[in-house]
Amino acid sequence: MRDILLSIIIFGLIPFILKYPQVGVLAWSWISYMNPHKLAYGFAYFFNFLDFLAAATILALLVTKEKKSLPQHPITWLLALYVVWVSLSTIVAIDYDVAIPKYLTVIKILLFTFVTMLIMQSKSRINSLIWVIVLSIGFYAFKGGIFTILTGGGGRVWGAPGSFFGDNNHFALVLLMIVPLTYYLYQNTQHKWLRLAVFGLMACEILSIFGTQSRGALVGMICMFSFWAYKTKRLAIIFFLLPFLALIAFFFMPDSWKERMITIEHFEEDASAQGRITMWRVAVKIANDNPILGGGYNVFYDEGVRSKYLLPGEVGRAVHSVHFEVIGEQGYAGYLIFLLLALTTYATGNTIKKRSAGRRDLKWCGDLAEMIQVSMVGYASAGAFVNLATFDLYYHLLAIMVMTRVVLQKELDKTEQNVPAVIGAPALRKI
């Protein structure tokens with residue numbers, strides 16, 4: 001029954017997608033993040049709905065009369081360069097057959113990121129996309145928060161089955177990334193009861209992070225909230241929120257959770273931590289031998305690579321780090337592009353915040369840019385311990401930052417056109 005109902009809903013959206021391409025982006029994001037088909041038990045579980053939605057969206061994009069153009073921004077160019085880079089890396093991969101499945105998944109994500117930037121260039125569309133992302137992942141966050149309360153933190157929270165974030169550590173990272181986006185919605189929602197519901201969802205997200213029992217997420221939470229306090233000049237986050245979260249952890253979470261977190265201090269005695277360090281060392285060795293293009297996707301699972309770079313007695317496993325994942329798979333040059341994407345996005349956020357200051361109608365731009373920066377810090381810090389370099393939410397954040405910049409510039413241009421020309425007055429500077 002679930003399979004039939006879900007199929008009717010998804011395929012029923014296609015006529016709307018063909019008329020309104022933005023519906024396609026929202027539907028694609030819903031399926032990508034929530035994975036509702038993985039909650040079914042029949043044919044829908046394995047059916048590839050995303051390809052149908054992507055095809056319908058691209059077709060709608062080709063036939064729509066609405067003018068579309070990619071934003072001329074450094075992030076766009078760097079993303080295009082990254083697409084070329086991962087393609088070249090795959091062509092010369094150490095094991096092409098092992099690399100190609102992950103490459104095909106990644107290229108779909110990156111190409112649809114460009115589609116998103118083409119279509120979602122308005123305030124309402126950007127906010128709709130954020131709502132879809134937050135509610136899709138929030139579905140599992142709400143369940144996880146309630147589960148954590150009911151089990152007293154004794155049970156472990158897992159993410160969406162069959163998704164990028166089904167693993168508890170991956171889910172913890174994703175939760176960290178959407179907490180700032182949820183706060184943005186809280187900031188910019190006017191309805192009292194809806195604001196209360198959004199605040200409750202944010203509380204469930206934080207509880208779920210504790211419930212995942214992820215040590216990397218604990219480190220990421222400390223880094224992210226500390227940066228949040230610094231960025232927003234709200235020291236109360238440091239002096240009140242972090243101690244409050246610490247009290248929750250101390251009095252509410254069970255001894256098993258505390259014992260697991262304490263192992264962070266003694267990582268040299270923890271087999272899991274040592275296994276990660278081993279694979280980080282392997283990533284560096286691969287990059288040293290292939291500094292330009294790396295070893296290609298999934299190189300860490302190649303038996304020849306493991307036998308070459310692992311020492312006797314060491315066991316091969318996932319690399320468990322966004323940073324070392326890119327270093328090993330794309331080389332030092334590919335990692336440089338990856339870093340430049342992050343740094344350029346962060347710098348764009350600063351520009352948006354500065355240019356939107358003093359305009360109540362553009363305050364949302366600054367709020368969103370700031371929360372994307374906070375989310376990226378969560379990704380960079382907690383991501384040091386999980387391999388999610390190809391997760392689509394990160395690339396969606398880059399796209400949203402670009403689209404926010406586009407909307408902001410349009411509004412500033414309108415203001416410039418409405419201001420009478422003054423001889424000698426400097427023109428409003430573009431971003």
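The values are calculated or read from the model by the stated rules, or taken from the named source; none is laboratory data. Nothing here was measured: the structure is a model prediction, and the numbers come from that model. Cβ: placed from backbone, ideal geometry, glycine included. Neighbour counts: every protein chain shown.
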Q) Can you tell me which residues in segment 186-208 are crowded, with 17+ Cβ neighbours inside 10 Å, farther than 14 Å from Trp131 by Cα and not aliphatic (A, V, I, L, M)? A) Cys204, Glu205, Ser208
Q: Mind listing just one residue for me: the one in segment 99-116 that is closer than 14 Å to Leu393 by Cα and touching a Leu at 6+ places or on another chain (Cβ under 7 Å) and, of those, surrounded by the most Cβ atoms within 10 Å (Cβ to Cβ)?
A: Thr113
Q: Note down all Cβ pairs under 9 Å where the first residue falls in segment 377-394 and is without any contact (Cβ under 8 Å) to a residue 12 or more places away in the chain and on the phi < 0 side of the Ramachandran plot, the second is part of a helix (DSSP H, G or I) and among the aliphatic types (A, V, I, L, M), and they're at least six residues apart or on different chains.
A: none
Q. Listed residues Ile94, Ile107, Ile137; which is assigned to a helix (DSSP H, G or I) and in contact (Cβ under 8 Å) with a residue 40 or more places away in the chain?
A. Ile137
Q. Considering only segment 110-134, how many residues are in a helix (DSSP H, G or I) and farther than 20 Å from Ala54 by Cα?
A. 4
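Quick grid of which residues meet (1) modelled with pLDDT of 90 or more; (2) of a type in the set (S, T, N, Q); (3) surrounded by 17 or more Cβ atoms within 10 Å (Cβ to Cβ):
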site: His170; (1), (2), (3): yes, no, yes
site: Tyr184; (1), (2), (3): yes, no, yes
site: Ile222; (1), (2), (3): no, no, no
site: Glu259; (1), (2), (3): no, no, no
site: Ala273; (1), (2), (3): no, no, yes
Q. Just checking, how many residues over segment 150-168 are in a loop (DSSP other than H, G, I, E, B), among the polar types (S, T, N, Q) and either under 22 Å from the mean Cα position of the chain (by Cα) or under 30 Å from Asn48 (Cα atoms) (or both)?
A. 1
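Rundown of residues vs (1) more than 30 Å from Arg306 (Cβ to Cβ); (2) in the same structural domain as Asn188 (by TED's automatic domain parsing); (3) not charged (D, E, K, R), yes/no style:
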{"position": "Ile91", "(1), (2), (3)": "no, yes, yes"}
{"position": "Lys102", "(1), (2), (3)": "no, yes, no"}
{"position": "Lys108", "(1), (2), (3)": "no, yes, no"}
{"position": "Asn127", "(1), (2), (3)": "yes, yes, yes"}
{"position": "Leu150", "(1), (2), (3)": "yes, yes, yes"}
**Q.** Residue that is surrounded by the fewest Cβ atoms within 10 Å (Cβ to Cβ) [pool: residues in segment 70-91 that are outside any helix (DSSP H, G or I) and not aliphatic (A, V, I, L, M)]
**A.** Gln72
